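I have placed the structure first, in the form of structure tokens, so that the comments after it can refer back to it.
The values are calculated or read from the model by the stated rules, or taken from the named source; none is laboratory data. Because the structure is a prediction, the values reported are computed rather than measured. Every residue, glycine among them, receives a Cβ derived from its backbone with ideal geometry; neighbour counts consider all protein chains shown.
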Amino acid sequence: MTMVQHLSVMAAALVVTWLLTPLVRLVGKRWGIVAHPGGRHVHQGAIPRIGGVAIFGGFMAALVVRYLGERFWDWPSAITKRSENVWALLLGFALIFAVGIIDDILDVRPGQKLLGQIVAAGVVVAMGVRIEFLGDPFGGGIILLGLLSIPLSLLWIVGFANVINLIDGLDGLAAGVSAIAGVSLLVLAQQSNQYLAAVLAAALVGACVGFLRFNFNPASIFMGDSGALFLGFVLACISLVGVMKSVAAIALAVPLLIIGVPLFDTFSAIVRRARHGRPIQEADKGHIHHRLLGRGFNQRQTVLIIYIWSIALAFGGYAMRWVPTALKLAVFAALAALSGLMAYWLGLFEAAHHDDDE
């Protein structure tokens, strides 16, 4: 599969998202589907929050382009291969998008939203897109998971969706981090000849970049849960049909490193709230982007710092996949030290202001 084909998919997603976003922004304003300033929000004025509609539209349009290429232009089969459970993925994507857009419009309860995420993930897992084995880091070979593959795969997909959603706190942050992760997964999938994963990654990257035109600071539209949950869900599925098909023992760690910043942010939030006797699900102003803003950086500088951190971890994930075994531990130690220093400098595990403290 050539890079020209991937760029065609990426360009289709970018252009359609770029064209749809102003229309979606107008609808959000007219229907009053907006995010208001205050609390944990750092923006000024009411901003439409249904940008996920444009991201979803651009992503799906890119898959249509890929389908046409395979049917009429002799492109290698990726989404037309029956063995890849493409329809299960598409249904899962549609369901998670529906969960997000309903929440953007109606503000559903957290439990209801989580149930919807589990249903969407369950559709994908039930059709065979799951973590079926792990590489044995000690004896070589593989460890078959059996029935454990179902809960582990559900946790994997729902977890990815939520860590991207949790980091969606500044203009351009979630879209940029998702694009960086998408590029990393695209490269790994292409090198592993996992064509479906590569196509999905190309479509995701294009949609994110097209949306960033309107979402980077100062943003005129937010992606909302319809965008953030969708992006995290798609990244999880890409890792399952791409990187996780490797029998390498390190395969599980690679996608985790690629989304390392939002994952680390979520982990530190759980530890922070538990340490200080606050409910784990309670929102606060202790996330990475809040801490960087508190250090005196502006929004753009904060987002760029997190981009750089994400790129470093993505390169680390790539290195963990391909470097000789003797170097894997050194790479992991260096990345852990980098993240640990950032956590200490930012005070991520220390008490933070809460919405009711404002």
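Can Gly116 be described as closer than 24 Å to Thr17 by Cα and either among the small types (Gly, Ala, Ser) or surrounded by fewer than 21 Cβ atoms within 10 Å (Cβ to Cβ) (or both)?
Values: closer than 24 Å to Thr17 by Cα: no; either among the small types (Gly, Ala, Ser) or surrounded by fewer than 21 Cβ atoms within 10 Å (Cβ to Cβ) (or both): yes.
So Gly116 does not fit the description; no.
So Asn162 clears everything in (1) crowded, with 21+ Cβ neighbours inside 10 Å; (2) closer than 30 Å to Ala46 by Cα; (3) of a type outside the set (Ser, Thr, Tyr) except one condition, right? Which one?
(1)
Answer yes or no: is there a residue in region 208-219 that is more than 23 Å from Ser153 (Cα to Cα), of a type in the set (A, V, I, L, M, F, W, C), part of a loop (DSSP other than H, G, I, E, B) and touching a helix residue (DSSP H, G or I) at 6+ places or on another chain (Cβ under 8 Å).
Yes; the residues of region 208-219 include at least one that is more than 23 Å from Ser153 (Cα to Cα), of a type in the set (A, V, I, L, M, F, W, C), part of a loop (DSSP other than H, G, I, E, B) and touching a helix residue (DSSP H, G or I) at 6+ places or on another chain (Cβ under 8 Å).
So in region 285-296, with the set limited to residues that are of a type in the set (Gly, Ala, Ser) and touching a helix residue (DSSP H, G or I) at 6+ places or on another chain (Cβ under 9 Å), which one is modelled with the lowest pLDDT?
That would be Gly286.
Taking region 297-345 on its own, how many of its residues are outside any helix (DSSP H, G or I) and at pLDDT 85 or above?
Count: 2.
Taking region 286-332 as the search range and keeping residues that are among the basic types (Lys, Arg) and more than 28 Å from Leu170 (Cα to Cα), which one is surrounded by the most Cβ atoms within 10 Å (Cβ to Cβ)?
Arg321
Can you tell me which residues in region 245-265 are part of a helix (DSSP H, G or I) and either crowded, with 24+ Cβ neighbours inside 10 Å or at pLDDT 85 or above (or both)? Outline the logic, then answer.
The initial filter retains those residues of region 245-265 that are part of a helix (DSSP H, G or I), namely 245, 249-258, 260-265.
If the condition is that a residue be part of a helix (DSSP H, G or I) and either crowded, with 24+ Cβ neighbours inside 10 Å or at pLDDT 85 or above (or both), then Val254, Pro255, Leu257, Ile258, Gly260, Val261, Pro262, Leu263, Phe264, Asp265 are the ones that fit.
Pairs, please: C-beta under 9 Å, at least 6 apart or cross-chain, first residue of a type outside the set (A, V, I, L, M, F, W, C) and in region 133-160, second assigned to a strand (DSSP E or B) and modelled with pLDDT under 95?
Gly135/Ile142; Gly135/Ile143; Asp136/Ile142; Asp136/Ile143; Gly141/Gly135; Ser149/Phe133
When the residues of region 99-113 are filtered to those that are hydrophobic (A, V, I, L, M, F, W, C) and without any contact (Cβ under 8 Å) to a residue 60 or more places away in the chain, which remaining residue is surrounded by the fewest Cβ atoms within 10 Å (Cβ to Cβ)?
Leu106
Would you check if there is a residue in region 170-182 being in a helix (DSSP H, G or I) and touching a Lys or Arg at 6+ places or on another chain (Cβ under 7 Å)?
Looking through region 170-182, none of the residues is in a helix (DSSP H, G or I) and touching a Lys or Arg at 6+ places or on another chain (Cβ under 7 Å).
Quick check on region 87-125: of everything there that is part of a helix (DSSP H, G or I) and at pLDDT below 90, which residue is nearest to Gln190 (Cα to Cα)?
That would be Trp87.
Could you go through region 346-358 and let me know if any residue there is modelled with pLDDT of 80 or more and either under 20 Å from Gly182 (Cβ atoms) or in a helix (DSSP H, G or I) (or both).
yes
From Ile47, Ile55, which residue is closer than 21 Å to Lys29 by Cβ, in contact with a His (Cβ under 9 Å, 6 or more places away or on another chain) and surrounded by 22 or more Cβ atoms within 10 Å (Cβ to Cβ)?
After applying the criteria, what remains is Ile47.
If Asn85 satisfies every condition in (1) at positive phi; (2) free of Cβ contacts under 8 Å to residues at least 12 places away in the same chain but one, which is the exception?
(2)
If I ask for residues that are more than 20 Å from the chain's Cα centre (by Cα) and not aliphatic (A, V, I, L, M), which ones from region 314-340 would you list?
Trp322, Pro324, Thr325, Lys328, Phe332, Gly340
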